[in-house]
1. Only Cα pairs within less than 10 Å get springs; with that Gaussian network setup on the chain, which residue of GLN17, GLN163, GLN93 has the largest fluctuation?
2. Calculate what fraction, in whole %, of the accessible area of segment 21-124 sits on carbon and sulfur atoms when a 1.4 Å probe is rolled over the protein chains.
3. Any idea of the accessible area per residue across the chain, 1.4 Å probe, to the nearest Å²?
4. Need one word for segment 18-147: rounded, prolate or oblate. Basis is the Cα gyration tensor (sqrt eigenvalues a ≥ b ≥ c); a/c below 1.5 gives rounded, then a/b vs b/c decides.
5. For THR154, what accessible area in Å² do you get when you roll a 1.4 Å probe over the heavy atoms of the protein chains, rounding to the nearest 10?
6. Mean-square fluctuation check for the chain, GNM, Cα pairs under 10 Å: which of ILE73, ILE143, ILE157 is largest?
7. Averaging sequence separations of C-alpha pairs under 8 Å and six or more residues apart, then dividing by the length of segment 37-144, give the relative contact order as a whole percent.
Amino acid sequence: MVNFLIFGPPGSGKGTQSVKLAEKFNLVHLSTGDMLRAEIAAGTELGKKMSTIMAKGELVPDEVVIEMIAARIDKTKGSAGFLFDGFPRTVAQTIALEKMLNVRGMKIDSMLVLDVDHDELVNRLIMRAEQSGRPDDKDPAVIENRIDVYKSKTEPIINYCSQKGLYQPVNGMGTIDDIFVRLSDNMKKFV
Ligand code: ADP
């Protein structure tokens, strides 16, 4: 099994690229953002609680997403590994993920980090809001908050993973196809 983290600020293209990469490399795509939105759409108690946090652009509690991932991690039949998208988002989540993988004889093999200019991120999210209707994409103040939260709580994971030799920076500017080729070329080194 080869396990990848796809990483980058909101609007960096993680979700778009993950769907394509999971198909190409036969990976299980696990997106905590998608799982949380599914809870909201299903109207569960958890979804109701989390939706206010998400609409503000804050992170939901670590235990919530760790539990969601733990519930999915044994469902991997026939796949080549995992592609974790939007998880981990804190160093505590990273350590929890390492433990979960470890007890199953796996590890994080590579961390792909998409680099995108700040103005481009904001433009992409505002454009996405028109199609997705996501409340956290509509409000410029919420977008800025998500980018700030990324910098303060999520970016420290880069340093943590760099020390383990996992950091793979990838240029996230350009067309979807260009970025897909860059990511694929990088991932080929690990599969
Ligand atoms: P984006 O990468 O565009 O910000 P996501 O779909 O990954 O979007 O996440 C949307 C929201 O869901 C986040 O802003 C956050 O509130 C919540 N969320 C998703 N994943 C996590 C996580 N691993 N830890 C905490 N909160 C999360």
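1. Sorting by GNM fluctuation, first place goes to GLN163.
2. Details: 2640 of 5060 Å².
Reported share for carbon and sulfur atoms: 52 percent.
3. Values: 9440 Å² over 191 residues.
That works out to 49 Å² per residue.
4. Values: a/c = 1.77, a/b = 1.42, b/c = 1.25.
Prolate, since a/c reaches 1.5 and a/b exceeds b/c.
5. That residue has around 10 Å² of solvent-accessible surface.
6. Maximum fluctuation in the GNM of the chain, among the listed residues, is at ILE73.
7. About 22 percent, as a whole number.
The values are calculated or read from the model by the stated rules, or taken from the named source; none is laboratory data. Predicted, not measured: the structure shown is a model, and the values here were computed from it. These area figures cover heavy atoms from the full protein model, side chains too; ligands, DNA and RNA do not enter into them. Shrake-Rupley method; radii C 1.70, N 1.55, O 1.52, S 1.80 Å.
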